[in-house]
1. If the requirement is being modelled with pLDDT of 95 or more, assigned to a loop (DSSP other than H, G, I, E, B) and either in contact with a helix residue (DSSP H, G or I) (Cβ under 6 Å, 6 or more places away or on another chain) or within 30 Å of residue 332 (Cα to Cα) (or both), which of these qualifies: 11, 78, 15?
2. Within the bounds of segment 283-303, is there any residue that is farther than 30 Å from residue 23 by Cβ, surrounded by 14 or more Cβ atoms within 10 Å (Cβ to Cβ) and modelled with pLDDT of 95 or more?
3. For segment 18-42, what are the residues that are under 21 Å from residue 283 (Cα atoms) and in a strand (DSSP E or B)?
4. For the structure I just gave you, tell me whether residue 65 is in contact (Cβ under 8 Å) with a residue 60 or more places away in the chain and more than 14 Å from residue 93 (Cα to Cα).
5. Tell me which residues, restricted to segment 309-333, are more than 22 Å from residue 54 (Cβ to Cβ) and assigned to a loop (DSSP other than H, G, I, E, B).
6. I'm trying to understand the selection: among the residues of segment 228-262, which are at positive phi and surrounded by fewer than 22 Cβ atoms within 10 Å (Cβ to Cβ)?
7. Could you please give the count of residues in segment 181-196 that are closer than 18 Å to residue 89 by Cα and either surrounded by fewer than 18 Cβ atoms within 10 Å (Cβ to Cβ) or free of Cβ contacts under 8 Å to residues at least 40 places away in the same chain (or both)?
8. If I ask for residues that are part of a strand (DSSP E or B) and either modelled with pLDDT under 95 or touching a strand residue (DSSP E or B) at 6+ places or on another chain (Cβ under 6 Å) (or both), which ones from segment 236-250 would you list?
């Protein structure tokens, strides 16, 4: 049976104080830095302002479980008068060469406290304008850094005609090209092979301009029949690229977790895919929050034969689950082999 073991000390990061991270911390990107021996985490955070501006904070750990914040202010913030003026959220992080590459979801205007029935709208609707401006759609941006503290925002890398998040890049080129995973919400239904939002793959020469996306995978099981999306950037294992993804069920709206193995040289080829979910909401900190019933992986690290999968819980906390990396990959490949 394929399992991820949830850490008994979860949540590993909770909201702090009444500042920019006083309401929620969630959906982290995590990198293990071999030079320093540190797990380094960028986490999504927000305070209790009605606009619900969203930031990224930085925390570090020696063991992958006990994290300490290393900055009293956000390391990445919305540019109020810029394209990401409402939020910088749901980071995914890879390292290539001497740089860290960060993809993050953004909105032009602050999203408001989306879980409230009396949520306010903080944008404006001009007579003419881009769809993402009028509807405050999510688009994905790219930023680069040498140290995870100082960032250069490079701009939008997703198609602004679609509400596109769960976007990240592979940590290495494949056949000389960069590879991107995305989940454009409107690319489904009539005229598409997938009835519900699904996972797409595309390629680039420079990380900024991307070719036409191709459908990679769509929901197949009951726990992923509302939509699926990519979760963690893939990591190489003995069988190919291991990638964690999430599925949402029509039955209860719950977010659950699956895994796939993609061919190392042809990531459009799925070699194995879990049929049953490998993680679901169970504990109060996963079932009671700002989105009830949600485990949402966004970070993955491998250290000393252990895989660490970091996830947001109920849109309020940061948690982690682990497994023996070799055994986990073998189980995904053998039990899910297509």
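The values are calculated or read from the model by the stated rules, or taken from the named source; none is laboratory data. As the structure is a computational prediction, the values presented were derived from the model and not from experiment. All Cβ positions, even for glycine, are placed from backbone atoms using ideal geometry, and neighbour counts span all protein chains on display.
1. From the options 11, 78, 15, the qualifying one is 11.
2. Applying the first criterion (farther than 30 Å from residue 23 by Cβ) to segment 283-303 yields 302-303.
Remaining after also requiring surrounded by 14 or more Cβ atoms within 10 Å (Cβ to Cβ): 302-303.
In the following step, the residues that additionally are modelled with pLDDT of 95 or more were identified as 302-303.
Checked segment 283-303: at least one residue is farther than 30 Å from residue 23 by Cβ, surrounded by 14 or more Cβ atoms within 10 Å (Cβ to Cβ) and modelled with pLDDT of 95 or more.
3. Matches in segment 18-42: 24, 25, 26, 27, 28.
4. yes
5. Result: no residue meets the conditions.
6. Of all residues in segment 228-262, those at positive phi come to 240, 253.
Result: 253, single match.
7. Here is the first cut: in segment 181-196, the residues closer than 18 Å to residue 89 by Cα are 181-185.
Next, only the ones that are either surrounded by fewer than 18 Cβ atoms within 10 Å (Cβ to Cβ) or free of Cβ contacts under 8 Å to residues at least 40 places away in the same chain (or both) stay: 184-185.
Selection size over segment 181-196: 2.
8. Once the filter is applied, which keeps residues that are part of a strand (DSSP E or B) and either modelled with pLDDT under 95 or touching a strand residue (DSSP E or B) at 6+ places or on another chain (Cβ under 6 Å) (or both), segment 236-250 yields 240, 241, 242, 243, 244, 245, 246, 247, 248.
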